[in-house]
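Working notes, beginning with the structure itself.
The values are calculated or read from the model by the stated rules, or taken from the named source; none is laboratory data. Keep in mind that what you see is a predicted model, and the values were worked out from it rather than measured. We place every Cβ from the backbone using ideal geometry, glycine too, and count neighbours over all the protein chains shown. For the accessible areas, the whole protein counts, side chains as well, though only heavy atoms, and no ligand, DNA or RNA atoms are used. Shrake-Rupley method; radii C 1.70, N 1.55, O 1.52, S 1.80 Å.
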Amino acid sequence: IYITGLSNTDNTIETTLRQLFASYGQVSNVKLYVDKRTGERKGDGIIVYDWANIRKQRITLASSAEKGGVSGINGGSVDDMNSFLDMVCTQLNGVELPCGTIIHAEPADMDYKHKSTKEKYLCISHW
């Protein structure tokens with residue numbers, strides 16, 4: 001997940017982001033970018049979901065739902081990462097963080113910020 005528009009003065013932003021995104025699945029990494037010259041945060045970063053773990057949880061939920069007579073799960077099929085990210089984007093659009101940042105979410109290309117990373121990212125920007 002690529003995020004932008006973040007407060008560069010809020011010292012709790014990393015914890016806040018981890019908690020917010022963890023409500024949708026296991027977050028494996030939160031990295032806030034720092035200006036190499038000044039050492040100050042740039043106001044953007046990356047959040048990476050543990051897709052393998054989320055997929056397992058979604059399979060378990062789908063199995064439980066079928067036993068209870070409910071069909072499907074929120075966010076598409078258990079294997080559809082794009083549907084999951086679309087669902088997260090929809091849920092996070094317009095959310096205001098305690099520091100006052102209002103986020104906008106949209107799916108982004110896997111190569112969005114780091115060409116060597118294989119995770120799919122989600123773009124978060126400030127409105």
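Taking residues in the range 24-49 that are at positive phi, and partners anywhere that are open to solvent by 70 Å² or more (accessible area, probe 1.4 Å) and polar (S, T, N, Q), the pairs with Cβ atoms closer than 7 Å and at least 6 places apart or on different chains are G25/Q57; G43/N8.
If I ask for residues that are closer than 19 Å to G94 by Cα and under 11 Å from the mean Cα position of the chain (by Cα), which ones from the range 1-44 would you list? Those that are closer than 19 Å to G94 by Cα and under 11 Å from the mean Cα position of the chain (by Cα): I1, Y2, I3, L17, R18, Q19, L20, F21, A22, S23, Y24. Applying the criterion of being hydrophobic (A, V, I, L, M, F, W, C) and modelled with pLDDT of 75 or more to the residues of the range 49-72, the residue that is least open to solvent (accessible area, probe 1.4 Å) is I54. Taking the listed residues R41, R18, R37, R58, the one that is closer than 20 Å to D80 by Cβ and of a type in the set (K, R) is R58, with no other qualifying.
From the list G45, G75, the lone residue that is surrounded by 13 or more Cβ atoms within 10 Å (Cβ to Cβ), closer than 21 Å to T4 by Cα, touching a Lys or Arg at 6+ places or on another chain (Cβ under 8 Å) and modelled with pLDDT under 85 is G45. Scan the range 13-28 and tell me whether some residue there is part of a strand (DSSP E or B) and modelled with pLDDT of 80 or more. Yes, the range 13-28 has at least one match. Among the residues of the range 91-107, are any in a loop (DSSP other than H, G, I, E, B) and either modelled with pLDDT under 60 or more than 24 Å from Y33 (Cβ to Cβ) (or both)? For the range 91-107, residues in a loop (DSSP other than H, G, I, E, B) and either modelled with pLDDT under 60 or more than 24 Å from Y33 (Cβ to Cβ) (or both): absent.
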